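Notes follow the structure.
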Amino acid sequence: MKKKTSSKENLFILLAILIMVILFYSSSQPYSKQTVAPMLETLLKNEPLKDLLSTVHFNYAGSEVSIATKGYSHFVEFFIRKGAHFGTYFLLGLFWFLGLKDKMRSTELAFLISWLLAAGYAAFDEFHQSFTAERTPLFQDVILDSVGALTGILIVYLFVRLRKNRKRK
């Protein structure tokens with residue numbers, strides 16, 4: 001392990017842990033306490049782009065996702081919730097990587113450890129949801145979360161590599 005430690009790196013690790021705490025709390029809440037569908041019904045009562053969105057339908061975790069099967073507000077909420085999955089784990093992976101990249105022997109090792117921490121937590125989080133009323137643990141969400149984390153880590157990793165290459169020239 002490298003000995004170099006800065007308060008900035010420790011802050012990123014703290015932010016990663018804070019996200020994990022928020023995710024744990026969120027997974028402890030039943031769906032009925034988290035749904036934004038009623039608010040969307042009010043905000044989007046004119047159902048903008050409904051004709052266009054009505055052509056969108058696909059299966060996710062064995063269920064059809066479409067306006068016909070979910071209704072307009074729940075259809076929109078599906079994308080908000082899945083975007084939140086991706087975005088939260090994007091930040092979790094990014095913060096772990098930024099916190100660990102200068103503490104590890106190599107950037108590649110920090111990449112791997114950061115991704116394993118985020119993907120492992122995604123699996124734990126879905127398992128945790130199995131104990132929460134109105135929540136369903138989904139393997140597909142673990143994949144979505146892991147891809148979000150990988151994307152965040154990859155963006156920073158490529159930026160770090162690009163910066164190192166420019167300094168060498």
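The values are calculated or read from the model by the stated rules, or taken from the named source; none is laboratory data. Everything quoted here is computed from the prediction, not taken from an experiment. Positions of Cβ are backbone-derived with ideal geometry, glycine not excepted, and every protein chain shown enters the neighbour counts. Surface areas here come from the heavy atoms of the whole protein model, side chains and all, with no ligands, DNA or RNA. Shrake-Rupley method; radii C 1.70, N 1.55, O 1.52, S 1.80 Å.
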Legend entry - helices (runs of 4 or more DSSP H) fully within segment 1-58 counting 2 or more residues that are touching a residue at least 60 places away in the same chain (Cβ under 8 Å) and within 26 Å of the chain's Cα centre (by Cα): 7-27, 31-34
Legend entry - Every residue from segment 76-127 that is in a helix (DSSP H, G or I), out of contact with any Phe, Trp or Tyr (no Cβ under 9 Å at 6 or more places or on another chain) and touching a residue at least 40 places away in the same chain (Cβ under 8 Å): Glu77, Ile80, His85, Phe86, Gly87, Thr88, Phe90, Leu91
Legend entry - segment 94-147, subset acidic (Asp, Glu) and within 22 Å of Phe79 (Cα to Cα), residue nearest to the chain's Cα centre (by Cα): Asp145
Inset, instruction - Go through segment 139-169 and give me each residue that's under 18 Å from Ala61 (Cα atoms) and either among the polar types (S, T, N, Q) or surrounded by fewer than 16 Cβ atoms within 10 Å (Cβ to Cβ) (or both). - result: Phe139, Gln140, Ile143, Ser146
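Of all residues being touching a helix residue (DSSP H, G or I) at 6+ places or on another chain (Cβ under 9 Å) and of a type in the set (A, V, I, L, M, F, W, C) in segment 69-81, which is least open to solvent (accessible area, probe 1.4 Å)? Just the residue, please.
Our first condition is that a residue be touching a helix residue (DSSP H, G or I) at 6+ places or on another chain (Cβ under 9 Å); within segment 69-81, this holds for 69-78, 80-81.
Those left that are additionally of a type in the set (A, V, I, L, M, F, W, C): 75-76, 78, 80.
On the way: Phe75: 2, Val76: 29, Phe78: 27, Ile80: 82 Å².
Ranking the qualifying residues of segment 69-81, first place goes to Phe75.
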